[in-house]
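Note sheet for the following structure.
The values are calculated or read from the model by the stated rules, or taken from the named source; none is laboratory data. The shown structure was predicted, so the numbers you read here are calculated from the model rather than taken from an experiment. Every residue, glycine as well, gets a Cβ built from its backbone with ideal geometry; the counts of neighbours run over all protein chains shown. These accessible areas exclude ligands, DNA and RNA; they are computed on the full protein's heavy atoms, side chains included. Shrake-Rupley method; radii C 1.70, N 1.55, O 1.52, S 1.80 Å.
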Amino acid sequence: MGACGSALMKPCLSDTDVRYDANYPKTIVETDARWEKLSGYFKVNVTSFDPATGGVSQPGPYIEPVMMTHNAPFGKSRTIGFYNHTVAGSRLIVNRYYFSPPAPFGFCQIPFEPPAMNAQPGSTCGVNGQVDFAGVYASLTHEHDGTLKVGRATGSYSQSEDGMWDTEAGSSAKLTDDNTFEFTFVRPDEFSSVMSFVFFDDDYAALSAVHTLIPMKTIIGAFTATVVRISEEEFVAGIEEYNEAFQVPQPIEAPMTSDEVAKYAGTFPSEEDWCGGLMSDVSCTPSPYVEPDAQMKGGFIALFVILGVLLFSSAAFFFHRKSIEAQKKRYKEHFVRGIARNITIADSAGRVSPEQLKKEFDHIDKDKGGTISKDELKTFLKSGKVGDISDKDVEAMWAAIDIDNSGEVDFVEFIIFLGSCGTEFDTVSKEQKTMSKEDKLKYATQRLSTRCLVMPPADEEKEGEEDA
């Protein structure tokens, strides 16, 4: 019939729902070129705010069992970040490095009761800063709505001992307008984080982030930052510079993925993770949205149904008509052959003398009542050796010969019916002409025996005796 969207078929689902479009772009930049802004290397100057006071955050003690304190005993006024964002095909790979300066002298003078400490193990408060890594991994999905599904966060973003958080539904990266990118991280009923990049042009942007603990109904962190695009060389040189400037005990090298950071080894998503494990990357997973088989438009279905009914009705009428015509021919030939047992058939009823036809009528009229009943006709048709005739054909013939539906056939109706048997007279006449001598002798014998069996009425016998 044709594919969806053709003249006879319903529109394709893909015409109104891009999820069913098999030709929809499968790379991030092809879906929206604005994503190119987010790709590249950036230097970020971060300021952390205390949600309780509204002022700049202050250092806090390190407590081993509490993950959120591990970055606490450092200066918060000038955290430096280096971001490496890679938009590769259908995947977004975000690797970020945060350098925190040594804690200020005043903080280092505060005595803390164990297990609280003013420095991380292996660091000296006021002397050593730190560097930490954070990763985000997202991909295009088959929803084709421009949103990237965040499948995993690693490093400091994971807030877990193994450095890995496989995110829940709702964690995403998306464009909210021409210049704004939004990252959302969600742990249902536990944690929510929203980070926004607003680009002023291709090279400068502002960043803001808010972290919320849902059960406590508390904002636990708020951050702003300036973001400047840099080259890869500046990116590598900047990491080397701050490793040294902040006297980081365990310097980090760049560029790196979370798999290459020793304490986060094994956290970078595997190909299985990308392709159906954590994410449904469009480049390596089948779409659940498949265009169904083409369906015909309702109007055309109705049209074809009507045409089908008409065609069926026409065919049924034709075959019924042919059946009726065949039945008429059948019972007419049978009737004419019955008459032919007693008289010689001409090629039409009009060429048989009225006297002969009257004798035949009287022959069928067994009770000599002047009309032929249905039983008398049936007896005539089923007698002799002119072939079988079904009761159905007898009924059909009776309906045809009893013109006035009186239940009896008079001589006029008899003659009218025979007048309609023109082709049948011709057929039987030809049959008689081609008879063998044996068949002709047989017919003559049948006629003689039939005539001998016709008894004169009782009053005619009496008149014959008186004359004698």
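For the chain, the mean residue ellipticity at 222 nm estimated from helices alone is -10000 deg cm²/dmol, where every DSSP H run of n ≥ 4 contributes -39500 (n - 2.57) and the total is divided by all residues, rounded to the nearest 500. Percent relative contact order of the range 132-267, based on C-alpha pairs within less than 8 angstrom and at least six residues apart? Once divided by the residue count of the range 132-267, the mean separation gives 16 percent. Computed from backbone phi with θ = phi - 60° and the Karplus coefficients 6.51, -1.76 and 1.60, the 3J(HN,Hα) list for the range 276-293 is x, x, 9, 10, 10, 4, 4, 6, 9, 10, x, 6, x, 9, 10, 4, x, 4 Hz; x is used for glycine and proline.
Note on the range 1-75: along the principal axes its Cα atoms extend 74, 29, 25 Å, ordered by decreasing extent. Note that the chain presents 54 Å² accessible area per residue, ligands and nucleic acids not counted, probe 1.4 Å.
Once R0 is set to 25 Å, what does the formula 1/(1 + (r/R0)^6) return for the Cβ-Cβ distance between GLN250 and ILE214, expressed as a FRET efficiency to the nearest 0.05? About 0.15, to the nearest 0.05. Normalised by the number of residues in the chain, the mean separation of alpha-carbon contacts (under 8 Å, six or more apart) gives a relative contact order of 13 percent. Where does the Debye-calculated log10 I(q)/I(0) of the chain sit at q = 0.09, 0.11 Å⁻¹, using only Cα point scatterers of equal weight, no solvent? Taken in order of the listed q values, log10 I(q)/I(0) reads -0.76, -0.93. Span-like helix check, the chain: qualifying full DSSP H segments, with Cα axial length of 24 Å or more and mean Kyte-Doolittle of -0.5 or more, are 298-340.
Peptide packing: for 153-166, 225-238, the average count of neighbouring Cβ atoms within 10 Å per residue gives the ranking 153-166, 225-238, highest mean first. From the residues VAL44, THR27, TYR62, which one has its Cα farthest along the dipole of the range 1-66 in the positive direction, the dipole being from +1 and -1 charges on Cβ of Lys/Arg and Asp/Glu about the Cα centre? Of VAL44, THR27, TYR62, it is THR27.
Prolate is the label for the range 166-235, because the ratio a/c of its alpha-carbon gyration tensor axes (a ≥ b ≥ c) is 1.5 or higher and a/b is greater than b/c.
In whole percent, and with a 1.4 Å probe on the protein chains, what portion of the accessible area of the chain is carbon and sulfur? Answer for the chain: carbon and sulfur cover 56 percent of the accessible area.
Placing a pseudo-label 7 Å from each Cα along the Cα-to-Cβ vector at ALA22 and GLN356 gives an inter-label distance of 7.9 nm.
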